[in-house]
Amino acid sequence: MTVGPNAPGAFIVFEGGEGAGKSTQAAALAELLQARGRSVVRTREPGGTPAAEAIRAILLDPAFAGLDDRAEALLFAAARGDHAQRVIRPALRRGDVVVCDRFMDSSMAYQGIARGLGADVVANLSLWATDGLIPDLTVVMDIDPQVGLGRVSSPDRLESEPLEWHRRVREGFVEIARRDPRRYLVLDAGRPPEDLATEIAQVVDALLG
Ligand code: TYD
């Protein structure tokens, strides 16, 4: 049984800086839940629908270095709106578990805090775009950006930002999670992946009831 605000489904998001191992943990969780008979939708942001994937291509293209900060925030929100209404909400209504790489906390940390647009402004933009969709659980994989960026081979537009900017992103995630600890699980991404997977599974078990 699922008891969170998105019941009958559950919405679980993996967040964190570049190279934190989000996708590995998201895939492991999805596999575990599927093995237990849950119906799982695995998706990512920006992306998850054809239109949102097209917006993603614009957002990550290094040719658009210098894209205006507000335009950037609006494009992330536009992609999220389509993804939320056409993929995530229908899955939650069916009772599925949605496991998503990145969601509104990325906008709050990257655009709100690192770009300086304001975390609350950007959160409200995301809430408007999605008609109020909020994850049941957000797992923040915390990593030193110097280590994380070292794992990136060909940097996209955002990965090409300076180290200091990525430090602000990291502090942003930690600060956002600190404000609402019940909805967040902050993990040291440097721990062994199997240990992280075990802890995540315990917290998800408690959420799913
Ligand atoms: P992606 O390749 O998915 O990053 P990763 O593999 O590290 O998860 O690229 C997404 C990039 O977009 C990443 O740099 C984070 C950034 N981003 C934002 O700035 N705001 C957002 O709202 C989202 C969803 C992502």
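Which pairs have Cβ atoms under 8 Å, sit 6 or more apart or on different chains, and link a residue in the range 5-25 that is in contact (Cβ under 8 Å) with a residue 24 or more places away in the chain to one that is aromatic (F, W, Y) and within 7 Å of the ligand (Cβ to nearest atom)?
Partner pairs satisfying both residue conditions: V13/F103; E15/F103.
May I ask you to verify whether A84 is touching a helix residue (DSSP H, G or I) at 6+ places or on another chain (Cβ under 7 Å), surrounded by fewer than 24 Cβ atoms within 10 Å (Cβ to Cβ) and more than 25 Å from R151 (Cα to Cα)? So that I can check it myself, show each step before the final result.
Numbers: touching a helix residue (DSSP H, G or I) at 6+ places or on another chain (Cβ under 7 Å): yes; surrounded by fewer than 24 Cβ atoms within 10 Å (Cβ to Cβ): no; more than 25 Å from R151 (Cα to Cα): yes.
Judged against the criteria, A84 is not a match.
Scan A177, A189 and give me the residue that is closer than 19 Å to A30 by Cβ, of a type outside the set (D, E) and touching a strand residue (DSSP E or B) at 6+ places or on another chain (Cβ under 8 Å). It would help to see each step written out before you state the result.
Details: A177 fails: closer than 19 Å to A30 by Cβ.
Just one listed residue meets the conditions, A189.
Conditions (1) within 18 Å of N6 (Cβ to Cβ); (2) among the polar types (S, T, N, Q), marked per residue:
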position	(1), (2)
I88	yes, no
G95	yes, no
Q111	no, yes
D120	no, no
S126	yes, yes
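For the condition more than 20 Å from Q202 (Cα to Cα), within 15 Å of the ligand (Cβ to nearest atom) and in contact with a Cys (Cβ under 6 Å, 6 or more places away or on another chain), what is the one hit in T49, T43? Even if it seems obvious, please write down each step before you answer.
On the way: T49 fails: in contact with a Cys (Cβ under 6 Å, 6 or more places away or on another chain).
Just a single option satisfies the conditions, and that option is T43.
Considering each residue of the range 127-167, count those that are of a type outside the set (G, A, S), within 14 Å of the ligand (Cβ to nearest atom) and not in a helix (DSSP H, G or I), and give that number.
Number of matching residues: 17.
Within the range 35-48, how many residues are closer than 21 Å to R157 by Cα and not in a strand (DSSP E or B)?
Qualifying residue count, the range 35-48: 4.
Find all pairs meeting these conditions: Cβ atoms under 7 angstrom apart; at least six residues apart or on different chains; first residue within the range 153-172 and closer than 15 Å to P62 by Cβ; second residue within 12 Å of the ligand (Cβ to nearest atom) and not in a helix (DSSP H, G or I).
R157/D61; E159/E18; E159/V152
Can you pull out the residues in the range 1-18 that are within 13 Å of the chain's Cα centre (by Cα) and surrounded by fewer than 24 Cβ atoms within 10 Å (Cβ to Cβ)?
Applying the first criterion (within 13 Å of the chain's Cα centre (by Cα)) to the range 1-18 yields 11-18.
Listed by number, the list holds a single entry, E18.
Anything in the range 19-61 that is among the hydroxyl-bearing types (S, T, Y), under 21 Å from A79 (Cα atoms) and surrounded by fewer than 16 Cβ atoms within 10 Å (Cβ to Cβ)? List them, or say none. First the steps, then the outcome.
Taking the range 19-61 as the starting set, the residues that turn out to be among the hydroxyl-bearing types (S, T, Y) are 23-24, 39, 43, 49.
Filter again for under 21 Å from A79 (Cα atoms), leaving 23, 43, 49.
Selection gives S23 alone.
Does the range 101-119 include one or more residues that are assigned to a helix (DSSP H, G or I), without any contact (Cβ under 8 Å) to a residue 24 or more places away in the chain and of a type outside the set (K, R)? Don't jump to the end; show me each part of the working.
Of the range 101-119, the ones assigned to a helix (DSSP H, G or I) are 104-114, 119.
Okay, now just the ones that are also without any contact (Cβ under 8 Å) to a residue 24 or more places away in the chain, so none.
No: zero hits.
Could you identify the single residue in R102, R80, R93 that is modelled with pLDDT of 95 or more, among the basic types (K, R) and more than 16 Å from the chain's Cα centre (by Cα)?
Details: R102 fails: more than 16 Å from the chain's Cα centre (by Cα); R80 fails: more than 16 Å from the chain's Cα centre (by Cα).
Only one candidate qualifies: R93.
Select from the range 180-205 the residues that are assigned to a helix (DSSP H, G or I) and modelled with pLDDT under 95 and list them in ascending order. Before you say what the answer is, go through the steps one by one.
From the range 180-205, those assigned to a helix (DSSP H, G or I) are 181-183, 193-205; that's our starting set.
Within the range 180-205, P181, R182 meet the criteria.
The values are calculated or read from the model by the stated rules, or taken from the named source; none is laboratory data. Every value quoted in this text rests on a predicted model; they were computed, and no experiment measured them. Virtual Cβ from ideal backbone geometry, glycine too; neighbours counted across all protein chains shown.
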